[in-house]
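Reviewing the structure listed below.
No value in this document is a laboratory result; all are computed from the given coordinates. The structure displayed is predicted, hence computed values, not measured ones.
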């Protein structure tokens with residue numbers, strides 16, 4: 001079975017997106033199938049083996065909306081990244 005990973009991110013100024021792109025590239029270099037998407041574009045999760053979620057921190061808080069969207073994910077292999 002081929003491992004398929006979703007790398008989803010929320011990024012206001014682009015830093016979190018850059019980190020997500022590097023993570024996705026590294027996973028691809030290791031022969032994994034990877035989808036890279038903004039969090040707001042993520043819908044069904046059933047096709048993924050693992051999920052990496054990236055969200056920025058601004059003065060120790062997430063930007064409005066991203067924490068609500070992140071909270072909607074209920075998945076066994078989910079990894080959170082705050083940049």
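Run the numbers for residue 49 and residue 35: contour at 0.36 nm per residue of separation, minus the present Cα-Cα distance, in nm. Walk me through the numbers before you get to the answer.
On the way: separation 14, 0.36 × 14 = 5.04 nm, distance 1.15 nm.
Result: 3.9 nm gained on full extension.
Want the number for residue 3 to residue 18: 0.36 nm per residue separation, take away the alpha-carbon distance, what's left?
Working: separation 15, 0.36 × 15 = 5.40 nm, distance 2.26 nm.
Full extension from residue 3 to residue 18 adds 3.1 nm.
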